[in-house]
Amino acid sequence: MDAAVASTVPDNVLEVIFSYLSLHDLRNCSLVCKRWYSFLNDENNDVWRLHCIRKLAEEALKSDLLSSVPTYKAKLRAFYHAWNPNDCSRNIYIKPNGFTLHRNPVAQSTDASRGKIGFRHGRHAWEVIWEGPLGTVAVIGIATKDAPLQCHGYVALLGSDDQSWGWNLVDNHLLHNGDAQGNYPLLNNAPKYQVGERIRVILDCDDNTLSFEKNYEFLGVAFRGLPDKKLYPTVSAVYGNTEVSMVYLGPPLDG
């Protein structure tokens with residue numbers, strides 16, 4: 001379509017047309033003219049609302065799970081970054097809301113799940129909410145595609161090899177390559193994680209660091225020197241029927 005003609009299409013007609021296009025097509029449409037770019041840059045218009053209604057479960061849209069991503073486009077982005085039902089332990093399934101994993105009560109097993117999208121460039125943040133008992137080991141962090149997602153026994157699977165990095169919320173230890181990397185955060189009498197709290201994970205692929213926030217307090221850099229590999233949001237759990245949600249936020253806001 002000629003850019004001059006494109007700029008004359010009424011907004012209500014654009015909304016109908018754009019609501020049926022794929023995300024890839026919408027990206028191309030945003031390059032047609034300034035008006036279309038501005039229109040699609042409105043993350044709360046009816047185009048993104050209709051895409052959300054089609055893709056996201058009503059349960060997720062109505063709950064407060066996505067309260068940290070207030071716009072429709074941000075909610076849709078979070079859905080495409082959520083837990084991958086095809087990249088998790090056989091003892092884990094992803095609930096119908098699309099954002100919460102459920103670990104089945106299987107004895108003597110540690111089970112993990114990765115997000116759908118990994119990162120190798122840029123800065124990224126996501127929230128992890130542990131909505132069930134922690135058990136003896138509950139680890140959040142990142143892993144490459146080479147890290148295992150299931151093993152025998154109740155162990156810190158995330159952080160057990162050189163392909164994963166994790167923070168055990170039970171004892172506040174950092175874990176990598178099978179070794180404890182020290183206490184975290186570096187605070188006297190650091191409070192333990194309380195079920196339901198939102199932990200913000202911050203991956204900086206430019207500085208090769210992984211950090212965490214809790215209750216909007218920056219806890220410091222947990223890991224430095226991360227490899228130049230695609231890294232995925234990951235958790236590992238041992239407790240039967242525990243549930244963990246993950247919501248991708250986008251680039252972290254400094255300060």
Handout entry: Output for the stretch 93-103, where each listed residue is in contact (Cβ under 8 Å) with a residue 60 or more places away in the chain and touching a Lys or Arg at 6+ places or on another chain (Cβ under 9 Å)
Key = L101, H102
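Looking only at the stretch 208-241, how many residues end up being of a type outside the set (A, V, I, L, M, F, W, C) and either in a strand (DSSP E or B) or surrounded by 23 or more Cβ atoms within 10 Å (Cβ to Cβ) (or both)?
The qualifying residues number 10.
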Practice task
Go through the residues of the stretch 53-66 one by one and say whether even a single one is closer than 30 Å to A156 by Cα and touching a residue at least 40 places away in the same chain (Cβ under 8 Å).
Solution key: yes
Exercise for the section: Please verify whether the stretch 185-198 includes one or more residues that are open to solvent by 50 Å² or more (accessible area, probe 1.4 Å) and not in a loop (DSSP other than H, G, I, E, B). Expected result: yes
Handout entry: Sole residue being touching a strand residue (DSSP E or B) at 6+ places or on another chain (Cβ under 6 Å), open to solvent by less than 20 Å² (accessible area, probe 1.4 Å), part of a loop (DSSP other than H, G, I, E, B) and not aliphatic (A, V, I, L, M), chosen from G166, G132, G98, G141
Key = G132
Practice task
May I ask you to verify whether H124 is closer than 25 Å to S211 by Cα and in contact with a Leu (Cβ under 7 Å, 6 or more places away or on another chain)?
Solution key: yes
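Only one of P233, P227, P252 is of a type outside the set (S, T, N, Q) and farther than 27 Å from G132 by Cβ. Can you tell me which?
Testing whether each residue is of a type outside the set (S, T, N, Q) and farther than 27 Å from G132 by Cβ leaves just P227.
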Fill in the blank from the handout: Screening T234, T209 for residues that are closer than 13 Å to A112 by Cβ and within 21 Å of the chain's Cα centre (by Cα) leaves only T234
Problem - Total residues in the stretch 235-255, condition modelled with pLDDT of 95 or more and acidic (D, E) - result: 1
Practice task
Considering only residues that are basic (K, R) and part of a loop (DSSP other than H, G, I, E, B), look in the stretch 116-129 and name the one that is least open to solvent (accessible area, probe 1.4 Å).
Solution key: K116
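The values are calculated or read from the model by the stated rules, or taken from the named source; none is laboratory data. Quantities reported herein were computed from a predicted structural model and do not represent experimental measurements. Counting neighbours? That spans all protein chains shown, and the Cβs are built from the backbone with ideal geometry, glycine included. Side chains included, ligands, DNA and RNA excluded: accessible areas come from the protein's heavy atoms. Shrake-Rupley method; radii C 1.70, N 1.55, O 1.52, S 1.80 Å.
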